[in-house]
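Asks: Got a structure for you, questions after.
Values quoted throughout were computed directly from the atomic coordinates according to the rules given, and no laboratory measurement underlies them. Every value quoted in this text rests on a predicted model; they were computed, and no experiment measured them. Don't worry about glycine lacking a Cβ; one is built from the backbone with ideal geometry, like all the others, and counts go over all protein chains shown.
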Amino acid sequence: DTAAADAQAAQTAQASAPASTSNSSVVAIAMQYVGSPYVWGASGPSAFDCSGFTSYVYAQVGINLPRTSGEQAVAGTQVSAAEAQPGDLVTWPGHVGIYAGDGKVIDAGDESTGVVYRDIWGSPSFVRVG
């Protein structure tokens, strides 16, 4: 299962990337797509899957992310929940979203939710890219 392997790699990988000054722009752009449909394999702008959504939004501010959630989970510097800033990636095994601040995430959930702004659940990792 490559998703599990990617998630495990995300737990142990350390990469260096500077904090981005475009993080607030990332959240503002992401919010414009709340309500868009979820379609597996879609990368916008009319429909998204989770990593298609994050890669599309980041591309709007000139940051190219890898296409899969597992690759995105190791595409930057892991930060603690306390250090997380709006615009950081929020990653779970096999899923990724954009941290909106205040314990919220913007993500392309699944077919029933589409792109949503909601409370973070479980114990995700936070990754700073840019």
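Asks: For S25, S46, what's the fewest-to-most ordering of other Cβ within 10 Å of each Cβ?
Replies: S46, S25
Asks: Near the amide H of G101, under 5 Å away, which other amide H atoms are found, from residues 5 or more places off or on another chain, if H is placed in the peptide plane?
Replies: It is G87, by chain and number.
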